[in-house]
Amino acid sequence: MLNGSYVWEVAKTIDDSYQHFLDTRAKYDYTKHSSNNHKEYRRIKRGAFNQIESITGGPVPSSRRYVLYNMLNPDPQFRMRTYQMWQSDWVKSITWHQLHHLQQQLIQHTNSLSHMANPTLVEPV
């Protein structure tokens, strides 16, 4: 989404992009908590998925990566729940100003997509 498109077409192994995500995503041991953060599980494989790893900035990048990889966990039993996201250090660090800025970016992006999908919505010049 950061580059204006979806990372994969369909979350099935027939999609090469999704298979790449599965091969390069971080993996966690859901039976043991991290020694660094009691809110997170112990990582057993470091992630290498570029669309997540290339996101820079912010005060808690390890929490951000943890949330993103676990939101996208292909196993619904271990997929991160909304209440867990709200408890993460990353989401707690987001300010109202940042949320407003993000909302404005999403509105602009959505408007540009709707104009591309339906040219009749484009106002005449």
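Every number here is computed from the coordinates shown, using simple stated rules; none is lab data. Quantities reported herein were computed from a predicted structural model and do not represent experimental measurements. Reconstructed Cβ throughout: ideal geometry from the backbone, glycine too, with neighbour counts over all protein chains shown.
Label-to-label distance, T24 versus W8, with points set 7 angstrom from Cα along the beta-carbon direction: 1.2 nm. Couplings 3J(HN,Hα) for segment 58-66, derived from phi with the Karplus relation 6.51 cos²θ - 1.76 cosθ + 1.60 (θ = phi - 60°), are x, x, 9, x, 5, 5, 4, 4, 4 Hz, where x marks Gly and Pro. List the relative contact order of segment 31-113 as a percent without decimals, with contacts defined as Cα pairs under 8 Å and 6+ residues apart. Normalised by residue count, the contact order of segment 31-113 is 20 percent. The alpha carbon centroids of segment 93-110 and segment 55-70 are separated by 17 Å. Given R0 = 25 Å, the distance between the Cβ atoms of R81 and D16 translates into a calculated FRET efficiency of 0.30. Take the Cα of K92, step 7 Å toward its Cβ, do the same at H109, and the gap between the two points is 2.6 nm. The GluC sites (Glu not before Pro) found in segment 4-107 that occupy coil by DSSP, while having at most 14 further C-beta atoms within 10 Å, are E9. Here is the tail figure for the chain: Cα pairs spaced more than 26 Å apart come to 34 percent of all pairs. The Cβ shell under 13 Å around S17 holds other residues with a net charge of -2, Lys and Arg each +1, Asp and Glu each -1. Exposed loop sites are taken as trypsin sites (Lys or Arg not before Pro) in a DSSP loop (any state but H, G, I, E or B) with at most 14 other beta carbon atoms within 10 Å; the longest stretch of the chain without one runs 82-125.
Under a 5 Å amide H cut-off, with hydrogens placed 1.01 Å from N, H33 pairs with R42 among residues at least 5 apart or on other chains. Under 5 Å between amide hydrogens, built in the peptide plane, is the criterion, and for Y28 it picks out I44 among residues at least 5 positions away or on other chains.
For the options T24, T110, T56, a Gaussian network treatment of the chain with springs between C-alpha atoms closer than 10 Å singles out T110 as fluctuating the most.
Couplings for segment 92-108, taken from phi via the Karplus curve 6.51 cos²θ - 1.76 cosθ + 1.60 with θ = phi - 60°, read 5, 7, 6, 8, 4, 4, 5, 5, 5, 4, 4, 4, 5, 5, 5, 4, 4 Hz in order; Gly and Pro are left as x.
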